[in-house]
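Chemist: Would you mind keeping the following structure in view while I ask a few things?
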Amino acid sequence: MSSNRSGPQSASSTPAELPVLGAPVRERADAARNRIRVLEAAEALFAERGVDAVTMDDVAGAAGVGKGTLYRRFGDKGGLAMALLGERERELQERILTGPPPLGPGADPADRLGAFVEAYLDLLDRQLDLVLLSETATPGARFRTGAHALWRQHCRHLLDAGGAADAAIAADVLLAALAAEQVRHWRRDREIDAATLAESLVGLVRTWLR
């Protein structure tokens with residue numbers, strides 16, 4: 001690997017290189033309070049009953065807001081799931097951009113990619129049903145999210161820095177393996193534990209790097 005493709009500087013992804021996931025839009029104080037109540041109620045209900053068993057009416061009742069308000073703000077249950085996920089995705093983005101290595105800047109590309117795979121699988125382990133709902137709400141929904149663009153550019157940058165032959169295709173292949181439906185099949189249908197799955201995917205990624 002040549003000197004300009006290795007080391008902490010080339011392995012870091014700066015805000016200028018990534019499509020940053022922004023903070024929530026500025027809103028009135030009462031609207032902000034309603035939003036927080038809705039998200040907290042939805043998160044609690046999803047954890048208690050499972051996403052499929054919870055309706056928008058359930059969330060509106062638990063949050064103490066009108067059904068019309070809920071639908072205008074979030075559209076449908078997929079939109080509500082995406083709003084919840086946005087909080088977790090911003091947390092992961094912060095760790096990628098400014099957190100300690102190996103997930104954050106300062107480690108070599110292979111280690112950063114491995115750390116990303118492990119961190120993203122951890123996010124899926126905690127929010128799998130929500131991610132699945134948001135990714136399948138409409139055809140192609142997964143590819144239209146800002147988070148997918150962020151993860152793809154981050155992986156492509158690190159794969160390129162690590163010497164992958166075709167970083168763009170490799171990034172797409174990696175993210176296809178991290179699709180919620182695929183991970184659900186591995187974890188729930190084939191009963192592959194999280195540690196084994198992470199080890200296998202990280203090992204695959206390392207074979208792409210020189």
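Bear in mind that the values in this text are calculations on the coordinates, not laboratory data. Just so it is clear, the structure is predicted and the values come from calculations on it, not from any experiment. Here Cβ is always computed from backbone atoms with ideal geometry, including for glycine, and neighbour counts include all displayed protein chains.
Chemist: Restricting to DSSP loop positions (anything but H, G, I, E, B) with no more than 13 other Cβ atoms inside 10 Å of their own Cβ, which trypsin sites (Lys or Arg not before Pro) remain in region 33-131?
Modeler: Of the trypsin sites (Lys or Arg not before Pro), not one in the loops of region 33-131 has a Cβ with at most 13 other Cβ atoms within 10 Å.
Chemist: Farthest toward the dipole's positive end in region 115-210, which of Trp186, Thr196, Phe116, given Cβ charges of +1 (Lys, Arg) and -1 (Asp, Glu) about the Cα centre?
Modeler: Of the candidates, Phe116 comes out farthest on the positive side.
Chemist: Got a sec to turn the phi values of region 64-76 into Karplus ³J(HN,Hα) couplings, 6.51 cos²θ - 1.76 cosθ + 1.60 with θ = phi - 60°, whole Hz, x for Gly and Pro?
Modeler: Values per residue, Gly and Pro as x: x, 10, x, 4, x, 4, 5, 5, 5, 6, 10, x, 7 Hz.
Chemist: Continuing with this model, one more query. Give me the dipole magnitude in Debye, nearest 20, for region 27-75 about the Cα centre, with unit charges on the beta carbon: positive for Lys and Arg, negative for Asp and Glu.
Modeler: 280
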